[in-house]
Amino acid sequence: MNNVENTTTGIGWLEKILETVQKYHVWDFCKAFIVILFTALIVGFISNPTKVVEKIEEVRNKKHTEQIEWRLKNTSEIQGKMNKLMYSTSANRCVILSLHNGLNDINNIPYLRASAIFETTNNTYPIADYYQNCILSLIPFSHKLYFDGYFCGDIEDIEPMDRNLYHKLASNDCTHFCAVTIQGIEKPLGFIFLTYTEPQEHKCNEILRKVQKTALELSVLLEINNKEKRWFD
């Protein structure tokens, strides 16, 4: 009975509201109010455009500052996770290569490229500057890594399939490395490379588990970085 009474009471109030709207033309009043408000805003902008522009710029600058602060915090987290991974695996370098489009060919199809965007080192020299805008069609190993998701072994293991990358790694004093794809929500975002300058006796499966765990953590942070970059662009 209570539900029926409540329903009846609700319908009664609804009828009263509709009668009031029809009697006093509330909808017409609301529309008129919106038009007046909109007109007032236009008049205010025309009479004092500088103040309006300054207010808009103030909001944009505040948002920009917030985005910069978030980017710095996010970058610090990424580097912290890379350092942790590098030392826990006794690697000499940890590099993140980000996938991106490059120049288009004659058919307007973009070339897929990769650039080193983060790097940490341990008792060796940095190499990130030498891995910028790398055309992946010149690095066959990247296609294998893109689809297989991981690799761990000596650089001699990839020489038959990719002499280009083999010589690049050898010139960086690398003898052994581990590489894992960083998988984003919709598509791969890039790769993590751990490199070693001395022959290793570790178990690659144990290294891979650590790198894959870090790749999963980094994928979230890199997705956020990409969104922030699109906001700036």
(message) Can you give me the distance in nm between label points at residue 221 and residue 183, each placed 7 Å from the Cα along the Cα-to-Cβ direction?
(response) 2.0 nm
(message) Can you tell me the length gained on complete extension of the stretch residue 115 to residue 88, counting 0.36 nm per residue apart and subtracting the Cα distance?
(response) 7.3 nm
(message) If a paramagnetic tag sat 7 Å from the Cα of residue 79 along the Cα-Cβ line, which residues of the stretch 107-141 would have the backbone N under 17 Å from that point?
(response) 116-129
(request) First obtain the Kirkwood hydrodynamic radius of the stretch 86-233 from its Cα pairs, then insert it into the Stokes-Einstein equation at 4 °C and 1.567 mPa s, and state the resulting D in µm² per second as a whole number. (result) 82 µm²/s
(request) With a 10 Å radius around each residue's Cβ, average the other Cβ atoms per peptide and rank 81-89, 118-126, 207-215, highest first. (result) 207-215, 81-89, 118-126
(message) As a test of reading the structure, rank 111, 150, 166, 196 by solvent-accessible area (1.4 Å probe, protein chains only), most first.
(response) 150, 111, 166, 196
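The values are calculated or read from the model by the stated rules, or taken from the named source; none is laboratory data. Keep in mind it's a predicted model, so treat the numbers as computed, not measured. Backbone-built Cβ (ideal geometry, glycine too); neighbour counts: all protein chains shown. Ligands, DNA and RNA are excluded from the accessible area calculation, which covers all protein heavy atoms including side chains. Shrake-Rupley method; radii C 1.70, N 1.55, O 1.52, S 1.80 Å.
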